[in-house]
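So the structure is just underneath, and the comments pick up after that.
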Amino acid sequence: MAKKCDITNKQSVVGGSYSNRVRATQFNPTGKRRRYPNIQKKRIFVPEIGKTFSLDLSTSALREINKNGAFKVLKKVGIIKDKHIKYAAKKGITAENPAQMPEVAVTEDTVDIKETTDAEETTQEETPTTSETDSE
């Protein structure tokens, strides 16, 4: 098993036991013990770039991936790098939800990546049009 989470950087910590004789702990030592996080080895598929990552994740990191999406979380942490996005753009892999994928401009020699923020994303509402008018 891994000793450290790839996303949250949780790792084992040393903690002391708590003595029942609070005032006399120096005469009643209980020792130290190591406390481990709940770390699981998981394979995470990212459909936006068509790649699978094998990661050691804490259970809180798994919840974060379920809530926010694998691409967003792994990109924020730095596991998904620009080279992965460039490779996916060259191969023509596109996301099912294009709002999640950054804009990529592919030319013969270069690939430019434009990150979008939540503030730039706007929703367009359709205005109802009246094509037929009721005339009596």
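In region 23-59, the qualifying residues are those that are aromatic (Phe, Trp, Tyr) and modelled with pLDDT of 90 or more, and the one that is nearest to Gly69 (Cα to Cα) is Phe45. Here Gly92 fits the description: out of contact with any His (no Cβ under 8 Å at 6 or more places or on another chain), modelled with pLDDT under 85 and at positive phi.
Going through region 51-71 one residue at a time, which ones are of a type in the set (Val, Ile, Thr) and in a strand (DSSP E or B)?
First, pick out the residues of region 51-71 that are of a type in the set (Val, Ile, Thr): 52, 59, 65.
Correct list: Thr52 only.
The values are calculated or read from the model by the stated rules, or taken from the named source; none is laboratory data. Small disclaimer: the values here were computed from a predicted structure and weren't measured. Glycine also receives a Cβ, built like all others from the backbone with ideal geometry; neighbour counts cover every protein chain displayed.
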